[in-house]
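Below is one structure, written out as structure tokens, with a few remarks after it.
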Amino acid sequence: VAVVIIACPCALGLATPISVMSTTGRAAQKGVLFKDAEAIEALSKVNTLIIDKTGTLTEGKPSLKEIKLLTDDVQHIQVETWIASIEQHSTHPIAKTLTKLVPEDQLLSTQDFEDVFGFGVKAKVDGQWLYVGSQKLIETMRLSLNDSLIQILDQQRREGNVISFIANDQQVLAYMSIHDAIKHNAKAVIHQLLSDGVEVIMATGDHEQNASVVAETLGIQQFFANCTPQDKLDLVKNIQAEGKVVAMAGDGINDAPALAQANIGIAMGNGTDIAMESGDIVVMEGDLENVVAAVQFSKKVMTRIKENLFWAFAYNVILIPLAAGALYAGFGIMFMPEWSALAMALSSVTVISLSLALK
Ligand code: ADP
Ligand code: MG
């Protein structure tokens, strides 16, 4: 490399940045934004992808199927208003749907809104603390769900529905059954990644049963459910400790630490700002096919950079001895300075053309 830099600086100083620029430009047109060149190199070596479920493998545009009251102490409209009023402050994909439960002018003001470990949200409304989130949130609050209800919920989940709850400090008030479809191309994308030799692991904050339905549908062998942001982060660290190059794909607040820790963080462009801030690559519209495209772009550019170094090296290895008079002693052939100029220009044209061809 040192010889190439001295003899033909254009191979590294020009052709490499041009390769990177052509690729990032082409990728951007397709909807893949590389934030830095290091991400390209890291991605070309990736062998494990940890992928989030809600909003990444699923559409993240959920539709509400029903809200079922679990107590006589509250009325339907009251619960809807509370849910919508809290969710208006949340960035979770489910929240966008739930905010529309009541017209905007009927939303109540809330105090002390907060995300709870990726399992949901809480805020003070009408003078009481209200919590909206997953079963894990309810369990952490030590509120109980009776056995017959759990069976109903299990059935709902087997049908692919996500269940969220609303509770106050004393009791669970209602559950919501929400349908969030799996992205139409998710199965093909997972299949492609697996056949490209990338191990795929799903990590979700959602319930075990929802996770297993999605994993089974998509052919994902390994998954982790009920993950906190810390769990997702630890998972990335553990797999890195096995010597793997880890990409993490996600969309939510709860993915941000893992996105930052992974060798390559891939953020869904329809996700939260903090995910996009933490990732090295942003996939516009959250199109999963672009995750595969990003891996392919990165492999292509790394191959091209190495090819360029080969060409630069080959030109120099052959022509420097010739220019220095290697053929003069034996054959009396002088290498003319004009030929040097031509060869030099040709080598630059070769590597730069190859780099631009990436586009
Ligand atoms: P993933 O890790 O797959 O993206 P999340 O951690 O975002 O999943 O969500 C897991 C579950 O937590 C959701 O399916 C939902 O039940 C619940 N949840 C999280 N945030 C909210 C919220 N703002 N409102 C309602 N439910 C929520
Ligand atoms: Mg998510």
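Using a probe of 1.4 angstrom and keeping all protein chains present, the accessible surface of the chain works out to 48 square angstrom per residue. Descending by average beta-carbon neighbour count within 10 Å, the peptides 264-270, 280-286, 43-49, 27-33 line up as 264-270, 280-286, 43-49, 27-33, the highest first. Packing, as the average of other Cβ atoms within 10 Å across residues, places the peptides 191-200, 147-156, 308-317 in the order 308-317, 191-200, 147-156, highest first. Counting 0.36 nm for each residue step from Gln111 to Gln230 and taking away their Cα separation leaves a gain of 40.2 nm. For the pair Ala241 and Asn185 in one chain, pulling the backbone fully straight at 0.36 nm per residue adds 17.0 nm over the alpha carbon distance. Amide H contacts of Ala203 (H built 1.01 Å from N, in plane; Pro and chain starts excluded): Ile51, Asp52, Lys53, Phe224 sit under 5 Å, all sequence-distant by 5 or more or on other chains. Taking only protein heavy atoms and a 1.4 Å probe, the accessible area of the stretch 196-348 is 61% carbon and sulfur. Couplings 3J(HN,Hα) of the stretch 42-47, computed from phi: 4, 5, 5, 9, 5, 10 Hz, in residue order, whole Hz [Karplus 6.51 cos²θ - 1.76 cosθ + 1.60, θ = phi - 60°; x for Gly and Pro].
Applied to the stretch 212-222, the Karplus parametrisation 6.51 cos²θ - 1.76 cosθ + 1.60 on θ = phi - 60° returns per-residue 3J(HN,Hα) values of 6, 4, 5, 4, 5, 4, 9, x, 8, 6, 10 Hz, with x for Gly and Pro. For Lys244, a cut-off of 15 angstrom between C-alpha atoms picks up these aspartates and glutamates, skipping any fewer than 8 places away in its own chain: Glu41, Glu199, Asp234. Over 24 Å apart at the Cα level, from the set Lys53/Lys187; Lys68/Lys96; Lys124/Lys232; Lys35/Lys136; Lys96/Lys124; Lys100/Lys232, are Lys124/Lys232; Lys35/Lys136; Lys100/Lys232. The value of relative contact order for the stretch 69-223, using C-alpha pairs under 8 Å at least six residues apart, is 18 percent. Its DSSP H runs of at least 4 residues, each contributing -39,500 (n - 2.57), put the calculated 222 nm mean residue ellipticity of the chain at -15000 deg cm²/dmol, to the nearest 500.
Descending by average beta-carbon neighbour count within 10 Å, the peptides 110-120, 51-61, 10-20 line up as 51-61, 10-20, 110-120, the highest first. Straight-line reach from Lys306: which lysines have Cα under 21 Å away, leaving out those fewer than 8 places along the same chain? Result set, ordered by chain and number: Lys45, Lys359. Length available on full extension from Phe310 to Gln171: 0.36 nm per residue minus the Cα-Cα distance, which gives 43.1 nm.
Between Gln221 and Asp73, the modelled labels are 4.9 nm apart [label points 7 Å from Cα along Cα→Cβ]. When the Cα positions of Ser22, Val102, Ala7 are compared along the charge dipole of the chain, Ala7 comes out farthest toward the positive end, with charges on each C-beta of Lys, Arg, Asp and Glu. What shape does the stretch 212-304 have by the C-alpha gyration tensor, where a ≥ b ≥ c are the square roots of the eigenvalues, rounded means a/c under 1.5, and otherwise prolate means a/b greater than b/c and oblate the rest? Rounded, because the longest to shortest axis ratio a/c is under 1.5. Note on Asp196 and Lys30: the model spin-label points, each 7 Å out from Cα along the C-beta direction, lie 0.8 nm apart.
For Ala174, enumerate residues with amide H under 5 Å from its amide H, sequence gap 5+ or separate chain, H modeled in the peptide plane. Those qualifying (amide H under 5 Å, at least 5 residues apart or on another chain) are Leu70, Ile166.
Computed 3J(HN,Hα) for the stretch 105-121, one whole-Hz value per residue from the Karplus formula 6.51 cos²θ - 1.76 cosθ + 1.60 where θ = phi - 60°, is 6, 9, 5, 8, 7, 10, 10, 6, 4, 8, 7, 10, 6, x, 9, x, 9, glycine and proline marked x. Near Thr58, the amide H atoms lying under 5 Å from its own belong to Lys183; only residues 5 or more places off or on other chains count, and H is placed 1.01 Å from N. For the chain, the Cα gyration tensor yields ellipsoid semi-axes of 57, 18, 15 Å (square root of five times each eigenvalue, largest first, whole Å). Among beta bridges identified by DSSP and lying wholly in the chain, the antiparallel ones come to about 65 percent.
The values are calculated or read from the model by the stated rules, or taken from the named source; none is laboratory data. Note that the coordinates shown come from a computational prediction; the quantities given were computed from them, not determined experimentally. Glycine also receives a Cβ, built like all others from the backbone with ideal geometry; neighbour counts cover every protein chain displayed. The accessibility values were calculated without ligands, DNA or RNA, using every heavy atom of the protein model including side chains. Shrake-Rupley method; radii C 1.70, N 1.55, O 1.52, S 1.80 Å.
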